[in-house]
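Below is one structure; the comments refer to it alone.
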Amino acid sequence: MKERISSIIKSFLTAYALTVTFHLPIQAEHYADRIDFMIASVYELLGTYNFTFILIGILAFFCFEKYRLRRMSGSVYSNVVAAFFSIALLLGNSFYETDSWIYCFGSIVNFIKTAIAFAGYFVMFRVIIDFIFEGLDKARITSEQKHFFSKNAFWKCFGILSAVYLIVLIVSFPGNLCWDIIGQIEQITVEGRGFSQHHPLIHTLIAGGLTQLGENLFGSKEIGLFVYMLVQNFMLITALSATIAVLAKRRVRFGILLCMLLVYCISPIYTNLASTAIKDVPFAAFTIGYMIFYGLLLEEPKRITKPKFIIPFIAVQVGVVLMRNNGLPWIALCGVVAVIYLWRKYNVKERVLSIVTLVAAGILIGKLVTMIVAALLGAKEGGKAEMFSLPMQQTARYLTVYSEELTVEERKGIEGVFGDIEAVSDAYDPNSADPVKALFDNDAPMSDVMNYFKAWFIGLCKHPLIYLEAFGNHVYGWFTPGVTSALRYEIQYEDIQQGMLFPMAEKVVIFIYRFLDLIPGVGLIQNAGFYVWITVLMTAYALKNKNSKVSLMTVPLWGSLIVCIMAPCFFLHPRYALPIIMGVPFILVHGLNAEKKD
């Protein structure tokens, strides 16, 4: 009987969590007396128990009873993940709608509603996660039966993806644009503009050079940009085809490979970015290649002694470093973790090779190439501000609330790199660090930068909650599947005409992408938070089974998440998360296959 009552309580909590609506805190001064305010607070706390609430409660009750009768018990990992998912949804919703955590902590009533909703989400997610873990334990990943991908998997996938992406690219001729690529192209096409290392120089030379070449040969920048788009798509299609080819060689079942290919073809994020000129696509292609080699090395550590493995692995790392400025620390992090894990498995020679292959060679070659090209072009260095998006957002939010409390030391430290205090406060945009970063003096001496961070630390000690709130508002989009990820850039650039082959086609394409984003499931498979949740689940599953090799395979995904957290914004365009979104399908299947073998 006690267990039945427990299922009823859990069902009520789950229904409450899934139907609760949060509002801004009600104010006592808006009511005639305290009794009216108390009654309104109770109404706000209880909410509305409609048919949806009752239906969800009944369905949840049967699920909890099935869970109980099967005698399933959650592991510590399912409990931790369930708590994380619950917090992510509640805080994410608050930040998404209010740019603050006021829905959760703005009043006693909101806090109580949050606590009840957390309990409901927690018991629901714990059951779901345990069922997922049980399903993964029983899942069949491989099959000895021959199928479509058993032979020539790479070329079959390459041909199919090329056909799909080329259709979208032709309709979008010469290609969709983002602000970054316009600035890169103008470094080549605008006389006297000069070069900057704010964007990766090699990518600038490729994109801008091909665009200029199109104008020189055919009098059309559009043709040049279209040629660049073909090069960009070639990189992405090659990487995606390689993931299926590697898994097909390990006899992964046809249904799984077909699902991966369908995601590559149908998911709006792939086809959209295949028609968008942006450095994140070639970067994602090289990071996918890196994850393939990384996974293969963890699968068989002795590959470190084979030149046929080492040379292309290093080449891929060089590509990662050259395609984005944050590729270097990402490679360093992943490489160091792998070296530490593999250290005891190697002899002295293999340890040296692992350090060279995973940490030194790719980074040094990539950095050397960048330095040589920058010297030849006289390119300016990227600004210091690029590394400080998060602390700058915290400082700006701090100033919007507590600027009157600034000490002389704080004011001097902030003004040393930003100038006017009020300008920083006025420039604060909860969705993007770029306005504040634009005020940062990139020529400031290191002593002024250190004084700024001293002032930042003083503010942290005085008001840690405002810093924590600023952090949450800066990163919530990476952890919340409930937040939309609309990835279509809608930018007009006077020097490059869009929709040349099919006038106004870009309007139709934009409509289609917005429509697809509203379809349940389709919108989810392009959502950054959804793929982060998969990463969390996979890591927890590997840790639960004490399989360190498989958990290590997720390190590149976690490294990419760190890059996302340090990025200037989420802002509904999670292009920084492309290595996670596009890397998860391969890492998930390859990791599960390795789990089954072990």
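Across the stretch 547-561, a minimum of one residue is classified as modelled with pLDDT of 90 or more and under 21 Å from ASN431 (Cα atoms).
All of GLU595, GLU506 fail the test of being acidic (Asp, Glu) and touching a Ser or Thr at 6+ places or on another chain (Cβ under 8 Å), apart from GLU506. So which residues in the stretch 342-392 are among the acidic types (Asp, Glu) and within 29 Å of the chain's Cα centre (by Cα), if there are any at all? The answer is GLU381, GLU386. Of the set (1) within 15 Å of VAL168 (Cβ to Cβ); (2) surrounded by fewer than 23 Cβ atoms within 10 Å (Cβ to Cβ); (3) not small (Gly, Ala, Ser), all apply to VAL246 but (1). Answer with yes or no whether VAL231 is under 24 Å from ALA505 (Cβ atoms) and touching a Cys at 6+ places or on another chain (Cβ under 7 Å). In short, no.
Considering only residues that are among the small types (Gly, Ala, Ser) and not in a helix (DSSP H, G or I), look in the stretch 353-400 and name the one that is nearest to ASN451 (Cα to Cα). Explain how you work it out, then say what you get.
Pass one, the stretch 353-400, residues among the small types (Gly, Ala, Ser): 354, 360-362, 366, 374-375, 378-379, 382-383, 385, 389, 396.
Remaining after also requiring not in a helix (DSSP H, G or I): 378-379, 382-383.
Working: GLY378: 30, ALA379: 28, GLY382: 21, GLY383: 18 Å.
Only one residue tops the list, namely GLY383.
Selection of the stretch 330-352 for residues being surrounded by 15 or more Cβ atoms within 10 Å (Cβ to Cβ) and free of Cβ contacts under 8 Å to residues at least 40 places away in the same chain yields ALA332, GLY335, VAL339, ARG351. For the stretch 337-347, check the following and say yes or no: at least one residue is assigned to a helix (DSSP H, G or I) and within 25 Å of ALA470 (Cα to Cα). No. Pick from the stretch 164-186 the residues that are more than 24 Å from LYS507 (Cβ to Cβ) and surrounded by fewer than 23 Cβ atoms within 10 Å (Cβ to Cβ): which of them is nearest to the chain's Cα centre (by Cα)? Filtering first and then ranking leaves GLY183. Of the residues making up the stretch 152-177, those that are in contact (Cβ under 8 Å) with a residue 60 or more places away in the chain and among the polar types (S, T, N, Q) are SER162, SER172, ASN176. Of all residues in the stretch 301-314, none satisfies being in contact with a helix residue (DSSP H, G or I) (Cβ under 6 Å, 6 or more places away or on another chain), under 20 Å from GLY159 (Cα atoms) and modelled with pLDDT of 95 or more. For the stretch 200-226, a residue qualifies if it is modelled with pLDDT of 90 or more and of a type in the set (S, T, N, Q), and the qualifying residues are THR204, THR211, GLN212, ASN216. Residues in the stretch 427-450 that are free of Cβ contacts under 8 Å to residues at least 12 places away in the same chain and among the hydroxyl-bearing types (Ser, Thr, Tyr): SER447 alone. Remark: pairs (first residue in the stretch 278-306, closer than 26 Å to HIS199 by Cα; second residue in a helix (DSSP H, G or I) and of a type in the set (Asp, Glu); Cβ separation under 7 Å; 6+ apart in sequence or on different chains) = ILE278/ASP180; LYS279/ASP180.
Of ILE534, ILE525, ILE519, ILE565, which residue is at pLDDT 75 or above, hydrophobic (A, V, I, L, M, F, W, C) and more than 30 Å from GLU595 (Cα to Cα)?
None of the others qualify; the one that does is ILE519.
Consider only pairs whose beta carbons are under 7 Å apart and that are at least six residues apart or on different chains; among these, list those whose first residue lies in the stretch 54-78 and is farther than 21 Å from ASP137 by Cα and at pLDDT 75 or above and whose second residue is β-branched (Val, Ile, Thr) and loosely packed, with under 12 Cβ neighbours inside 10 Å. Matching pairs, first to second residue: none at all.
Which residue pairs have Cβ atoms closer than 7 Å, lie 6 or more positions apart in sequence or on different chains, and pair a first residue in the stretch 406-426 that is farther than 10 Å from ALA455 by Cβ with a second residue that is of a type in the set (Phe, Trp, Tyr) and assigned to a helix (DSSP H, G or I)? Listed by first residue and then by second, the contacts come to VAL424/PHE418.
If the condition is being of a type in the set (S, T, N, Q) and buried (at least 19 other Cβ atoms within 10 Å of the Cβ), then the stretch 126-163 contributes no residue at all.
Residues that are of a type outside the set (Val, Ile, Thr), surrounded by fewer than 17 Cβ atoms within 10 Å (Cβ to Cβ) and in contact (Cβ under 8 Å) with a residue 60 or more places away in the chain: does the stretch 545-560 have at least one? The answer is yes; a qualifying residue exists. Would you check if there is a residue in the stretch 241-259 being within 26 Å of TRP330 (Cβ to Cβ) and touching a Pro at 6+ places or on another chain (Cβ under 6 Å)? Within the stretch 241-259, not a single residue is within 26 Å of TRP330 (Cβ to Cβ) and touching a Pro at 6+ places or on another chain (Cβ under 6 Å). Taken over the stretch 366-408, the residue count meeting the criterion of being among the β-branched types (Val, Ile, Thr), assigned by TED's automatic domain parsing to the domain that holds ASP426 and surrounded by 14 or more Cβ atoms within 10 Å (Cβ to Cβ) is 2. If the condition is being within 37 Å of the chain's Cα centre (by Cα), loosely packed, with under 15 Cβ neighbours inside 10 Å and not polar (S, T, N, Q), then the stretch 24-54 contributes LEU24, LEU45, LEU46, TYR49, PHE51, ILE54. Out of LYS146, LYS156, one residue alone is outside any helix (DSSP H, G or I), at pLDDT 90 or above and charged (D, E, K, R). It is LYS146. Residues that are under 19 Å from LEU240 (Cα atoms) and of a type in the set (Val, Ile, Thr) number at least 3 in the following helices (runs of 4 or more DSSP H) confined to the stretch 262-330: 280-299, 307-323. Per this entry, ILE266 is counted among residues that are in the same structural domain as ALA542 (by TED's automatic domain parsing), surrounded by fewer than 17 Cβ atoms within 10 Å (Cβ to Cβ) and more than 20 Å from HIS590 (Cα to Cα).
The values are calculated or read from the model by the stated rules, or taken from the named source; none is laboratory data. Quick caveat: nothing in here was measured; it's all calculated off a predicted structure. Ideal geometry is used to build each Cβ from the backbone, glycine not excepted, and the neighbour counts take in all protein chains shown.
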